[in-house]
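First the structure, in the form of C-alpha cells, and then the observations on it.
The values are calculated or read from the model by the stated rules, or taken from the named source; none is laboratory data. Remember, predicted model here, so these are calculated numbers, not experimental data. Please note: Cβ atoms are built from the backbone with ideal geometry, for glycine as well, and neighbour counts cover all protein chains shown.
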Amino acid sequence: MDLGIAGKRALVTASSKGLGRGCAEALAAAGVELVLNARGAEALEETATALCAEYGVSVEAVAADITDEAGRAKVLEVAGQVEILVTNAGGPPPGLWTDWEREDFIKALDANMLAPIALMKAMVPGMMERGWGRVVNITSVSVKAPIPVLGLSNAARAGLTGYVAGTARQVAPSGVTINNLLPGIHATDRAVSLDKGAAAQGGMTVEEARAARLATIPARKYGTPEDFGATCAFLCSQQAQFIVGQNILLDGGATNLSM
Ligand code: NAP
C-alpha cells in the first residue's frame with residue numbers, strides 16, 4: 001500500500017535500535033526523510049548509514065539525551081520543521097514499590113511523560129499551521145494492564161496517556177493526529193533485560209523465564225521491531241487521518257481486554 005507520505009520529514013527519537021529503529025525503518029521504506037536520535041553516537045551513525053543506503057532517503061543523526069532539555073534543544077534545532085514525530089525513550093528500571101524515591105519518579109516522568117510532551121509542544125504548532133501532521137508516542141502495554149515490577153513506567157506513561165487523550169482532540173481540527181502505540185513484549189534488548197530480571201526474581205534461567213512469558217502470549221511469539229514499525233508507519237499515513245487519540249496495543253493477544 002502506498003502510504004502517501006513519501007518526501008515528508010520525520011523526527012524519530014531514541015531510534016538507534018529496537019522499536020524506535022523499527023519505526024524509523026518503516027518510515028524510510030515509505031520514502032520519509034529522517035532525523036534520528038539516541039545517546040550513543042556510534043550505533044546511531046551505523047543505523048543512519050544503513051537506512052540511508054537501503055532506502056535512499058536523507059537521514060540526519062543527532063546524538064543527545066532526549067530526556068534532558070539541552071539534549072532536546074540540540075535535536076529540535078537539527079530537526080527544524082517536521083510533519084511526523086515519533087517519540088520514544090528508554091524505559092525505567094524494574095523494582096519494588098518500596099525502592100522508589102522522588103528522584104526515581106522525576107527521572108521516569110522526564111523520560112516517559114515530560115520529554116514526549118515537550119517534543120509535541122515544540123513540533124505540533126508548526127504542523128497545525130501547515131494543516132497536516134502525525135504524532136505517534138511509543139508507550140507500553142502497562143497503560144492498559146499495569147505491570148507490578150514496572151511501577152515507575154506505569155506511573156509516567158499513565159500521565160502521558162491522559163495528556164494525549166485531551167490534546168489529540170484539541171489539535172485534530174487542524175489536520176494533526178496524535179496516537180499512542182503500546183508495545184507488549186517485543187524482541188529487543190529491553191525484552192532481554194526484562195527476561196533477565198524475571199529470571200533473577202523467579203530463580204529461573206533466562207530461557208525458562210522466556211518460555212514462561214511466551215506461554216502467556218496467545219500468538220506464542222514475541223513481536224518484532226519490524227511489525228511494530230509497520231503499524232507506526234500506517235498511523236503516520238494519509239489513510240490514518242481518522243485515527244485520533246487512540247491507544248493501540250501490539251501484544252500478540254496477551255492482554256485479555258474486550259475494549
Ligand atoms: P531498546 O531496544 O533498549 O532501545 C532503546 C533505544 O532508545 C536505543 O536506541 C537507545 O540508544 C535509545 N535511548 C534510550 N534512552 C535514550 C535517551 N535518554 N535519549 C535518547 N535515546 C535514548 O528498547 P526498546 O525495546 O526499543 O523499547 C523502546 C521503548 O518501548 C522503551 O520505553 C520501553 O520501555 C518500551 N517498551 C518496550 C517493550 C519491549 O518489549 N521491547 C515493551 C513495552 C514497552 P542509546 O542507549 O544509545 O541512547
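Residues checked against (1) closer than 16 Å to Ala10 by Cα; (2) surrounded by fewer than 14 Cβ atoms within 10 Å (Cβ to Cβ):
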| site | (1), (2) |
| --- | --- |
| Val57 | yes, no |
| Glu60 | yes, no |
| Ala64 | no, no |
| Gly71 | no, no |
| Gln81 | yes, yes |
| Leu85 | yes, no |
| Pro94 | no, no |
| Glu129 | no, yes |
| Asn137 | yes, no |
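Within the span defined as region 77-87, every residue fails to be assigned to a loop (DSSP other than H, G, I, E, B), within 11 Å of the ligand (Cβ to nearest atom), touching a residue at least 24 places away in the same chain (Cβ under 8 Å) and of a type in the set (Asp, Glu). Just one of the listed residues (Ala155, Ala215, Ala219, Ala200) is more than 28 Å from Glu77 (Cβ to Cβ) and at pLDDT below 95, namely Ala200.
Looking only at residues in region 41-63 that are in contact (Cβ under 8 Å) with a residue 12 or more places away in the chain and farther than 17 Å from Val78 by Cβ, the one that is nearest to the ligand (Cβ to nearest atom) is Ala43.
Taking each residue of region 172-198 that is without any contact (Cβ under 8 Å) to a residue 40 or more places away in the chain and over 17 Å from Gln238 (Cα atoms) and looking for partners that are β-branched (Val, Ile, Thr) and near the ligand (Cβ under 7 Å from one of its atoms) with beta-carbon atoms closer than 9 Å, six or more apart or interchain, yields Ala191/Ile185; Asp195/Ile185. With respect to Ala233, determine if the residue is touching a Leu at 6+ places or on another chain (Cβ under 7 Å) and of a type outside the set (Ser, Thr, Tyr). The answer is yes for Ala233.
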